[in-house]
């Protein structure tokens, strides 16, 4: 779950003390309870349209669209209860956290809920956006769902449980003995329960990125790891002599009397892969497959068309019919290696050859439209998803609901007291917190799920002393803010850019007197353009096309994708950020 080059500092710096974070049990805040007194930003609607050429042609009968979850849904983990499939992905410091997705056919997914929904469970305050929740594992066992994951810099590894995956989920069961990341929970057929995870290599690390996979026994009744049960499963990776890096993301399965251990190897950049080991007994060493990796795209030509890269970090599920499928992360890139939309979730069948699972033969490209699972035939033909999560779609929020739509995310905190849904408007009470701060800014966002997209909104011209508008946000140091404000008795639209440093103003344009302003952000791979329209007037470009690569993982680093959303900020009456005044 790491970018190889950034991993050493990241992982070795994990202060996984295992101490339960000091969490304040806040009473639930009704959204907008104290919003009337102060000035507010008022938005009429938000619109997002995906326009990727790769999705444009009609889907041929009997196929499905990869990725099954477009945009920032990395580190997928999947489980099945009866005919229902459930999946979870990493969420870092976005709140609510740990999105839970549901499907009946492995292909069409719905965002069902989140496992982290309240401050008694988790506190991300002060954490940079790519910290927080790393790779989770989701499992169903005898009436209970188990979700095990790591919160980086805030307490380490923990388990959540629920009888209904829609929630509510329990408060964390902390696992202070386990140091490392990417925990897996495995229920053996003899009743024993095990936790595997990535951790530091035994003894001194032999090279940068030298890690190990460890195993503990867990007592689900006492909710504790059994002391002295730690065992080494894999040292370094498939072949220690080749100095493999970042063995991680372990998942254990038992099939036909064999224990299989599926791991990621190579770091999460373009050398990423999935590898497999097996053993007859957990007391004997795991033996690597001679045909590893069982999934990678690292050996393919960089200049191939429409590349899918960084493939790895997989999890298996078996259908009621006995077929096996894998979900895994990968990224759709432009200019060979750049992607702004984060690492996405793909689906492929698993074939078994001589007792070993295989996701994709080496040298083969990940197909965008593979043959569909037999489960797809059982779903209602032509049924449209309520909020599609792949393909080209138009998603629009008219703010007519009483609660914030499930697609929206906040940063770091669960507090929504600064939001109010008022009939058919979203009102945001501005805060002083900037997008570059480690606080919770007054910012709601949804995923950028396409390389080519348009996102727009309409807002009332804000009163003096505040600004409001749209944001394309990768992290605290890399984002764009297209805002509207009143300054010196005039209304202006402006553009701020953060490019590895504090945000600075690039452009501003005086607007004629108006009640409403429309704003639009248009992304075309590595280019991003900004527009405004006054009342019902025509769209006008605000300045030239800007550098969209600032929002790519390659430039901004970290593990998240770009988020698009609405933001409001208190403005100083005398100066504006980045203007030097």
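Taken together, the values in this text are just the output of simple stated rules run on the coordinates, not laboratory data. On a predicted model such as this, the values are computed, not experimentally measured, just so you know. Here the Cβ positions follow ideal geometry from the backbone for every residue, glycine too, while neighbour counts run over all protein chains shown.
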task = Can you grab the distance from the C-alpha centre of the stretch 57-105 to the C-alpha centre of the stretch 203-219, Å, no decimals?
result = 29 Å
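State whether the stretch 394-570 is rounded, prolate or oblate according to the following rule on the C-alpha gyration tensor (a ≥ b ≥ c being the square roots of its eigenvalues): a/c under 1.5 gives rounded; otherwise a/b larger than b/c gives prolate, and the remaining case gives oblate.
Cα axes put the stretch 394-570 in the rounded bin.
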remark   = For the chain, averaging the sequence separation of alpha carbon pairs under 8 Å that lie six or more residues apart and dividing by its residue count, the contact order in percent is 18 percent
task = Please label the shape of the stretch 427-487 as rounded, prolate or oblate, based on the square roots a ≥ b ≥ c of the eigenvalues of the alpha-carbon gyration tensor (a/c under 1.5 means rounded; beyond that, a/b larger than b/c means prolate, else oblate).
result = oblate
key: Packing-based exposure ordering (other Cβ within 10 Å, fewest first) of 45, 258   = 258, 45
query = Is the stretch 69-378 rounded, prolate or oblate when judged by the Cα gyration tensor, a ≥ b ≥ c being the square roots of its eigenvalues, rounded requiring a/c under 1.5 and prolate requiring a/b larger than b/c?
reply = rounded
ask   = Using only helices, what value at 222 nm comes out for the chain when you add -39,500 (n - 2.57) per DSSP H run of length 4 or more and divide by the total residues, to the nearest 500 deg cm²/dmol?
value = -500 deg cm²/dmol
Proxy reagent accessibility, fewest Cβ within 10 Å first, across 399, 328, 158 = 399, 158, 328
key: Residues 369, 396, 211 arranged by fewest to most Cβ contacts within 10 Å   = 396, 369, 211
For the chain, fraction of C-alpha pairs farther apart than 34 Å, in % = 39 percent
query = In nm, to one decimal, how far is the residue 190 label point from the residue 545 one, both placed 7 Å along Cα→Cβ?
reply = 6.3 nm
